[in-house]
Every structure is written in structure tokens, then in C-alpha cells.
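First up is the structure itself, then whatever we jot down about it.
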Amino acid sequence: MSNAIMTAALDGSSWDGVADALAAAVPGVRTHLFGHDTEDSAFLGMVSSGYAPEYLASFSDHYGNLNAWAPAFASMPVGTIADSREMCPEEKLIQTEFYNDWVLPQEDIVFGGGAVVAKTPTASFLIGGNIRRRDEDRLVKPWLDLVRQITPQLRSAWKINRELTDMRIAARIGCGAGLPTIILQMDGRLVMINDAAETMITSQPEVFEFCHGKFSFTHPKAQASLSRALSRDVSSLPRMQFEFTISPQLSCKSFRVLPRSDLIWPTLLGPRYDNPCIALIFTNNTRSATKAQRLVNTFGLTTAEVSVVLFLADGMSPRDIAERRSVSLSTVRNQIKSAAQKCNVSRQVEIAKVVALT
């Protein structure tokens, strides 16, 4: 089992071997590792062992989105080990189309359970197993014991997959590994996000948002640039498409990525994409970031006030700043007034001088 997990960690196309090893470890359990969209409650892709091909096909085409266990399961904290009855009570399950048309015909594989291995801002990576009703007493406990033992290894393997993907992307695009990176389908849906990007998005909710699994910028101009890129035929474009400044501290570059030729997608949070995608690479404007910290340290400005005064120093009007930051004009004016008081000046032009000299 450990060998299969390590192989998958280094080669993202080998997760099928983990599902097979799980099934071999507890014979009689039908095993799967899959991704679930936590916002749309939708199936994202799966590797499995022990299911008949026709049921796998119907799950991918239809029943994956009706999975009565998945919504509650995917919402549990990372590391949670859950019996299937904790995900959906049996009396509720047996009333569903999912049970009557998919679970019951497969020898009533109503029992089992699994674990939440990892999460991104929009999806969960889960391990699960289905057990026939007649095998409940014999197999449920051994299966959940095995899941409890291997979940930390699976989480480590998943993290290694992400790090290796990050390195491959950096090598292909020619940028430094470890930069915040997001890869999107051409409809804006998330394909991959690395740890640095997750941290960045979590710490700056005023700049980024996910809605129904799709990524966007809150700033209209930044979103307009992204929308233009996503609307074009990326396969015919040069590798780098556009670059723009999101805030005084943050810039973004967009690159085309052709998964079939550029990468093997080592992720279970979605299918292995063959279609062109957009990679967004984010970089700090070091000079601005250093200046921002000095403004905080010297004058006690808030993060919002720093952003406003840096935009002022770049020659933007309060109205332009309000549009860029997606806030009201009165909010910007209040922040300018507060920043001026802290800097002991009275006019906007004096604030710009303070910024230049700090």
C-alpha cells in the first residue's frame, strides 16, 4: 500500500494503483478516490477499483452529481474518518434515485465510508469504499481502520503531487517555482491551485473570489483582462498572453498551458484535462511591498489606507481608486482623510510626496 501511494505521489497518472491496492487490502470493498466540488455539489473525477464498467460510466455521466453521501462528506474537516451512515442516514438514502438506481442494483453496496484527504477553496479530495449490505459486520470496521491508517500518507502524496506540478509549470513557463499559481479552464473553472496561491487568496478576500467553482477578480479592470484572455483561442496565442497590476503590491501574468503536451495533471480534484488552459502566475511588486511596510511602520496606516495612498502616488484619482478597489467613492475619501491625518498633511499632493520620500 505504501509503495502504491508513493508511486502515485511521484507520478500523478498512477492513482489507479492506489485504488487497486486498497481493494486488495480489504477484499470485498469497492474503492474509490474522487474529487467533489463543494460549491456546486458536483462530481469532479474519480479513480476506482471493483466496480463494473457500466456503473462507472453511469456514475461519471449522471449519478456522480446525485451522490447522496458526497455533500455532507465533502463538508467535513480534513482528516475526518466517516462511516457512510454519518454522511447520509440510511432512511434518507433509500428514498433517493441514487440509491435505487445505482447503489441497490450493485448488490446493495449501501455500507462503507471514507476520509477527507485534502481540500482546495472549491473542492475536496476524498477516499471512500462501498460494502454490500450482507458484508457489513465483516468488512466495515477493517475498511475504516485501513482508511484511518493511510489517510496521512494519502495527504502527503497529494501535497507532493501539487509541488511537482508547480515545479513542472515553472519549468515550462520559465518562472520561479513556488510563486502563487492558478490554472483555469477556459470557462474560468479551477483546474489547479498551489499552496502559495491558496494562502494569497485566503489573506486577500477583497481581491479574489470563487463563485460556483469559477475564479474571478473583484477589480473590474483585472477581471476584464482575464475575461478577454479566457474568451480567446489560447492554443493559437503566444505562451505569455498578458500582464497587469492588480494592486500596488501584486501583479499577474497569464500563460497558455497545453496539458497534453506540457503536463501530466497529478490531481484527483478534476479530470486529466486535454484542453488548453490559462495559468495565472502572481508576483509581488517588491519595491511597492517594501514601501507599503514602511508606511505601516512609520505612520501606522492600515492595509486599505496603504493601498489608497500608493494608488494616489501613482497618479490615480479617488474615483479611479474606488473603481479599482470595488468600493464606494466616499470610502476612498474617508481613507485618504484618515491617511492624511496620520501622515500629518492636509492635501492629496502632500500624501504623494510622503509616499515618495518614505
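The values are calculated or read from the model by the stated rules, or taken from the named source; none is laboratory data. Bear in mind that the values here come from a model prediction, so they are computed numbers and not experimental data. Glycine also receives a Cβ, built like all others from the backbone with ideal geometry; neighbour counts cover every protein chain displayed. Accessible surface is based on the protein model in full, side chains and every heavy atom, while ligands, DNA and RNA are left aside. Shrake-Rupley method; radii C 1.70, N 1.55, O 1.52, S 1.80 Å.
Side notes on the structure shown:
- Peptides 330-337, 296-303 ordered by average Cβ neighbours within 10 Å, highest first: 330-337, 296-303
- Long-range amide H partners of F111 with built H, under 5 Å: I131, R133
- Dividing the convex hull volume of the alpha-carbon atoms in the chain by its residue count gives 154 Å³ per residue.
- Of V191, I127, V309, farthest towards positive along the dipole that unit charges on Lys, Arg, Asp, Glu beta carbons give the chain: V309
- In this structure, the amide hydrogen of A118, modeled 1.01 Å from its nitrogen in the peptide plane, lies closer than 5 angstrom to those of F125, counting only residues at least 5 positions away or on a different chain.
- DSSP H segments from the chain that extend 18 Å or more along their own axis, Cα-based, with Kyte-Doolittle mean of -1.0 or above: 136-173, 286-299, 329-343
- Under 24 Å from the Cα of K342 - lysines, other chains or at least 8 residues apart: K291, K353
- Sequence-distant lysines (8 or more away, or on other chains) whose Cα lies within less than 24 Å of K141: K92
- With every protein chain in place, the chain: carbon and sulfur % of accessible area (1.4 Å): 51 percent
- All Cα-Cα distances of the stretch 24-136, cut into 5 Å bins from zero to the largest, leave 2, 12, 24, 28, 22, 10, 2, 0 percent in each bin in turn.
- GNM top mover of R256, R30, R232 - the chain, alpha-carbon springs below 10 Å: R232
- FRET efficiency, 1/(1 + (r/R0)^6) with R0 56 Å, evaluated for E136 and S231 via beta carbons: 0.60
- Whole-Hz couplings from phi, Karplus 6.51/-1.76/1.60, listed for the stretch 184-191; x for Gly and Pro: 10, 5, 6, 9, x, 6, 6, 9
- Computed from phi, the 3J(HN,Hα) profile of the stretch 27-34 under the Karplus parametrisation 6.51, -1.76, 1.60 (θ = phi - 60°) reads x, x, 9, 8, 10, 7, 10, 8 Hz, with x in place of Gly and Pro.
- Peptides 56-64, 43-51 ordered by average Cβ neighbours within 10 Å, highest first: 43-51, 56-64
- Residues whose amide H falls under 5 Å from that of I246, counting only those 5 or more places apart or on a different chain, are S251, C252, with hydrogens built in the peptide plane.
- Note on K253: lysines with a C-alpha under 21 Å away, same-chain residues under 8 apart excluded, are K214, K221.
- Alpha carbon centroid spacing (whole Å) that separates the stretch 199-226 from the stretch 295-358: 23 Å
- Assuming charge only on the beta carbon of Lys and Arg (+1) and of Asp and Glu (-1), the dipole of the chain about its Cα centre is about 1900 debye to the nearest 20.
- Those chymotrypsin sites (Phe, Trp or Tyr not before Pro) in the stretch 83-152 that DSSP places in a loop and that have at most 10 other beta carbons within 10 Å: none
- Mean Cβ count within 10 Å, highest first, over the residues of peptides 350-358, 305-313: 305-313, 350-358
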